[in-house]
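Take a look at the structure below.
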Amino acid sequence: MKYGIHSFVWSSDSSQRALEHAIASTAECGYDLIEWSYLDPKSVDIGWFRRRLESAGLEAVVSMGLPPEGDIASEDADKVARGEEILDAAVAFTRDIGGRKLGGILSSAHGKQERQPSAKGRDNAIAVLRRVAGRAKEAGVSLNLEIVNRFESNLLNTAAQGRALIEEAGSDNLFLHLDVFHMNIEEAGIDVAIRANADRLGYVHIGESHRGYLGTGNIDFPCVFDALVDIGYDDIVTFESFSSEIVDADLSLRTAIWRNMWSDSRKLAEHGLRFMREAHNNALAKAELARGSVSG
Ligand SMILES: [Mn+2]
């Protein structure tokens, strides 16, 4: 398993100074990977970012949420076209910093919707994702569709809905990005949904039910890691946490981060990695016991 951390644990800022702090801290804590939020890509020196990630020995994943003016699940052709451009630019950015995965809310605008998704809008999203996924494959980047709760999108709220859309798109470069915070709200069972959609799982967010310290909320993490071990998932799990300590108008306001869940980023990050490693190791040990393959 590879362990990642979301950049918002460190900062919402895209300045080189903030990125340096985020990369250095992530590496010092012992993580394998940083997930960078694609909010202000123009202020990033891509060459420096790539070299700094390499020198720190870190992989990177890029994540984003489409803005309302780039909603590919809209019926408005201009918005759909703008969304396709945004996705193509994010794929190029991911490739240029040496990343292999683009995740987040790529299938619709990120934010609370006021109406049902339309059939035409859904068809638009499928057509765009099919095209972008094809081009992304050439760039060595996979598209991982984050499944989020009803207050953050109206198109894909469950892994089953995401899987159906991926199958209709017919692309082998589209995967599910599952986040246990959202799954806790929408799925029949987090473990049940992971097992049922194992073959399309590309990326995982590990977060608590209140998005603070792991283990201090309602998520049944032993159950989550049992399911991941069960399906043989051996890719990236990324710790995602938010607090009013780190505020950004795009992401933290859209995800309704009102409460102060932590102030000390370093302490939180160290705890998150320890927690995920232990949960994974316990799940591996349980699987061995269950198979009767433990000798001593
Ligand atoms: Mn997430």
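Computed values, structure above
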| quantity | calculated |
| --- | --- |
| Largest-first principal axis extents of the Cα set of segment 129-174 (Å) | 33, 18, 13 |
| Heavy-atom accessible surface of the chain: percent carbon and sulfur, 1.4 Å | 47 |
| Heavy-atom accessible area order for ASP71, ASP226, largest first, 1.4 Å probe | ASP226, ASP71 |
| Highest average packing first - 104-115, 253-264, Cβ atoms within 10 Å | 104-115, 253-264 |
| Relative contact order of segment 145-205, pairs being alpha-carbon contacts under 8 Å that are 6 or more residues apart, as % | 39 |
| Where LYS137, LYS42 fall by accessible area, highest first, once all protein chains stay in place (1.4 Å) | LYS42, LYS137 |
| Debye intensity ratio in log₁₀ form over the Cα atoms of segment 1-118, taken at each q of 0.12, 0.13, 0.18, 0.19 Å⁻¹ | -0.46, -0.53, -0.89, -0.96 |
| Where only C-alpha atoms are counted, convex hull volume of segment 91-141 per residue in Å³ | 68 |
| Percent RCO, i.e. relative contact order, over segment 66-138, from Cα pairs under 8 Å lying at least 6 residues apart | 43 |
| Projected-area average for segment 91-235 over all orientations - Cα convex hull basis, square nanometres | 8.9 |
| Per principal axis, descending, Cα span of the chain in whole Å | 62, 42, 39 |
| Cβ charges +1 (Lys, Arg) and -1 (Asp, Glu), total dipole of the chain, debye | 160 |
| Approximate shape of segment 166-296 as ellipsoid semi-axes (Cα gyration tensor, √5λ), whole Å, largest first | 27, 21, 12 |
| Theoretical gain in end-to-end length, GLU28 to ARG259 [0.36 nm per residue, Cα-Cα removed] | 80.4 nm |
| Rg/Rh for segment 243-291, where both radii come from Cα atoms and Rh is the Kirkwood radius | 1.25 |
| Gyration tensor (Cα) of segment 225-269, equivalent ellipsoid semi-axes in angstrom | 28, 14, 9 |
| Selection from THR158, LEU214, GLN113 lying farthest towards where the dipole of segment 112-257 points positive, charges on Cβ | GLN113 |
| Dipole in debye (nearest 20) - segment 33-99, about Cα centre, beta carbon charges: Lys, Arg +1; Asp, Glu -1 | 440 |
| Estimated [θ] at 222 nm from DSSP helical runs (n ≥ 4, -39500 (n - 2.57)) normalised by residues in the chain, nearest 500 | -14000 deg cm²/dmol |
| Whole-number accessible area per residue in Å² for segment 149-195, which is evaluated in the context of all protein chains at 1.4 Å | 36 |
| For segment 18-81, convex hull of alpha carbons as volume per residue, Å³ | 99 |
| Hull shadow area, averaged, segment 42-111 [alpha-carbon convex hull, nm²] | 4.8 |
| Whole-number accessible area per residue in Å² for segment 14-89, which is evaluated in the context of all protein chains at 1.4 Å | 45 |
| Theoretical gain in end-to-end length, ALA249 to ARG130 [0.36 nm per residue, Cα-Cα removed] | 39.8 nm |
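The values are calculated or read from the model by the stated rules, or taken from the named source; none is laboratory data. Model, not experiment: these values are computed from the prediction. Cβ sites come from the backbone with ideal geometry, for glycine too, and all protein chains shown count toward neighbours. Surface accessibility is based on the protein's heavy atoms, side chains included, excluding ligands, DNA and RNA. Shrake-Rupley method; radii C 1.70, N 1.55, O 1.52, S 1.80 Å.
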